[in-house]
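Structure first, commentary second.
The values are calculated or read from the model by the stated rules, or taken from the named source; none is laboratory data. A quick note: this is a predicted structure, and the numbers were derived from the prediction, not measured. Here Cβ is always computed from backbone atoms with ideal geometry, including for glycine, and neighbour counts include all displayed protein chains. These area figures cover heavy atoms from the full protein model, side chains too; ligands, DNA and RNA do not enter into them. Shrake-Rupley method; radii C 1.70, N 1.55, O 1.52, S 1.80 Å.
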Amino acid sequence: MQYLEVKTQSHSYKIVVGREIFEKSLSDILTDSSNDRLFLLADENLFHHHGEQLLKSLQHFSGDVRHMLVPQGESSKSVKFWESSVNFLLTNGVRRNTPLIVAGGGVTGDLGGFAAASVLRGIPIIHIPTTVLAMVDSSIGGKTGINHSTGKNLIGAFYQPKAVIADTRFLTSLPRREWINGLSEILKYGAISDAEIFNEASIFLSADYLSTDREKLISLIFKCMKIKADIVAADEFESGIRAFLNFGHTFAHALEKACNYDSISHGEAVYLGMLAAQKLSRLSGSSLTGDFLEAYRPLYQFRVQPAEVSRDDIYSFMFQDKKRTDEHLKFVLLDEWQSPAVKTVTNKEYIKDAIELMIHQLKQSQPGKS
Ligand code: GLY
């Protein structure tokens, strides 16, 4: 079992990482004997594989465990599901000290986090990230939220959890597509913080990495979690370096919206978004050398029909990004690898060329293209 500490202004908490650590870690965290019940919000698919075991473990801490399942997919990050989660808690006797355990990927974590932040002005939440993406990114740092018809994550709050327990046993049932989804965020840490990660992530390129290189994958996940924990500790509310974690994300969020949050996953969009941000960095004058992202391109199999997305739509959706504070678009660009900077880009053509690169990549993915 390994520990990381996230020390933020508002609250410090532990991240526990290891295999088969869920029960032991919970017993260190759930020490308040006045809890007469526990709530579990779990991803439907995860529950299918591990639900019985999860409930059994939780029953050890309380005889009264109530659970609600969250369907997979971005559409669960909606006002409707937030309302259902809040109803579930309020109609089942939640109190200010009743813990909510949230088990699943980024969607379940963001939804559950926002429900925990808003019910009774905040109840304790424990994140159990069960995907690579949730472990290395979304479960750490207290960003919670849901989507609105005008854009992604537009309703939400910063709300730090009581703890994060990353039990790698849950990765055993993770489909390959989900590993690749998480890979994008891993590569992001390579780009903005530690280029050695590009070497370490090359295990993903071997065909049987899931059976042969699990320990290496887990130590890579741990390394990324540490980078994220350190960034969040230094800048909890994203007034400085935390913004670097959005490398590729302005493009990605607009692309996801253009695909109705349906035909592309967040990780796939982030990979393409990082290619676009890399291009925009160069167009804007960076002398960035080499391309560390390209080698991973064959691992991505995009399902989007390029005709579904238009360059001009993606461009206009970028203006709905919540990080925009004035009339111009800001991007995280790279002066060099490991050297990100937030820059305002006023040249529309540069931005549109970078978007075009994403669309070109989607075209390359179509059957019949190599
Ligand atoms: N996912 C970016 C952040 O937590 O700031």
Exercise for review: Could you tell me what percent of the DSSP beta bridges with both partners in the chain are antiparallel, to the nearest 5?
Suggested key: 45
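Excluding Ser263 itself, what net charge comes from residues whose Cβ is under 10 Å from its Cβ, given Lys and Arg +1 and Asp and Glu -1?
Spelling it out: positives minus negatives among the neighbours equals -3.
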Exercise for review: Just grab the label-to-label distance for Ser75 and Lys56, each label 7 Å out from Cα along the Cβ direction, in nm (one decimal).
Suggested key: 3.4
Practice item. Skip the ligands, DNA and RNA, and give the accessible area per residue of the chain with a 1.4 Å probe, whole Å². Key: 41
Review point. So, with a 1.4 angstrom probe, what is the percent of accessible area on the stretch 232-316 that is carbon and sulfur?
Key: 50
**Study point:** Computed lengthening from Gln364 to Glu327, 0.36 nm per intervening residue step minus Cα-Cα distance
**Key:** 10.0 nm
Exercise for review: Could you please state how large a percent of the accessible area of the stretch 46-161 is carbon and sulfur, counting protein chains only and using a 1.4 Å probe?
Suggested key: 53
Practice item. Using label points projected 7 Å from each Cα along Cα→Cβ, tell me how many nm separate Asn87 and Ser10, to one decimal. Key: 2.7
**Study point:** Listed residue pairs exceeding 19 Å between alpha carbons, taken from Lys143/Lys343; Lys330/Lys352; Lys188/Lys279; Lys343/Lys363; Lys279/Lys330
**Key:** Lys143/Lys343; Lys343/Lys363
Review point. Order of 246-253, 163-170, 227-234 by packing, highest average Cβ count within 10 Å first?
Key: 246-253, 163-170, 227-234
Practice item. Would you mind calculating the gained length between Arg169 and Ala207 on full extension (0.36 nm times residue separation, minus the Cα-Cα distance), in nm to one decimal? Key: 11.6 nm
Exercise for review: Mind ranking 41-52, 203-214, 63-74 by how tightly packed they are, going by the mean number of other C-beta atoms within 10 angstrom, highest first?
Suggested key: 41-52, 63-74, 203-214
Study note, to complete from the structure: Any lysines whose Cα falls less than 21 Å from that of Lys56, other than same-chain ones fewer than 8 residues away, would be Lys24
Check your understanding: So what is the 222 nm mean residue ellipticity for the chain from helices alone, if each DSSP H run of at least 4 adds -39500 (n - 2.57) and you divide by all residues, rounding to the nearest 500 deg cm²/dmol?
Key -> -12500 deg cm²/dmol
